[in-house]
Amino acid sequence: RTHPARQLLDRLARAAIGLDEASARGEATLAKLGHVVGRVLAEFDDELGLFAELAEEMQAFLARQDEAEDAIAARTARLVAERERREIARILAEEEVDRRLAEREWVPDAVHAMLEDVWVRSLAQAHLEHGEGSAPWRSMLDTMDELLWSVEPKASAEDRRRLVAGIP
């Protein structure tokens with residue numbers, strides 16, 4: 001296991017495991033393998049130092065590839081986490097709007113459409129930026145409640161006075 005030729009063979013084998021010749025990484029690995037084998041064929045006669053040198057070269061190559069894979073995996077994990085955060089925010093916003101719309105018998109189509117589209121997106125953005133329960137989140141929910149109340153028919157004089165007083 002400590003012989004330089006064995007170490008080189010182990011690293012060559014590690015590089016070849018799961019090799020996809022069609023990918024850019026596979027092409028680079030094949031080129032590196034060809035380079036190393038070519039040097040062994042052209043330069044080896046009885047000096048084992050060549051194997052040690054090439055084993056180190058392969059180790060450095062594999063380390064660079066591992067770093068690149070780790071960076072890709074980390075980026076992918078961040079993207080997946082961000083996508084999940086956005087999806088959760090959208091679902092929570094939709095649930096808040098849907099719950100309020102379900103509680104009311106009559107909501108004009110234009111208000112209904114605006115709440116389910118623009119308002120859901122705005123609520124989701126508030127959730128992403130500030131979190132659920134934050135002041136902007138609560139303010140948007142309160143505004144939605146006020147809007148929904150304002151478009152309901154007003155049976156009492158007090159409700160009509162409150163509506164008129166609320167109009168700037």
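Please treat every number below as a calculation from the coordinates, not as lab data. Computed from a predicted model, the values in this text were never measured in an experiment. All Cβ positions, glycine included, derive from the backbone under ideal geometry; neighbour counts span all protein chains shown.
A compact table of results
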{"item": "Any hit, segment 49-66, residues being at positive phi and either without any contact (Cβ under 8 Å) to a residue 12 or more places away in the chain or in a helix (DSSP H, G or I) (or both)", "result": "no"}
{"item": "Top-ranked residue in segment 79-133 [being basic (Lys, Arg), surrounded by fewer than 16 Cβ atoms within 10 Å (Cβ to Cβ) and within 17 Å of the chain's Cα centre (by Cα); ranked as farthest from Lys154 (Cα to Cα)]", "result": "Arg83"}
{"item": "Selection within segment 126-158 - in contact with a Pro (Cβ under 9 Å, 6 or more places away or on another chain) and over 19 Å from Leu101 (Cβ atoms)", "result": "Glu129, His130"}
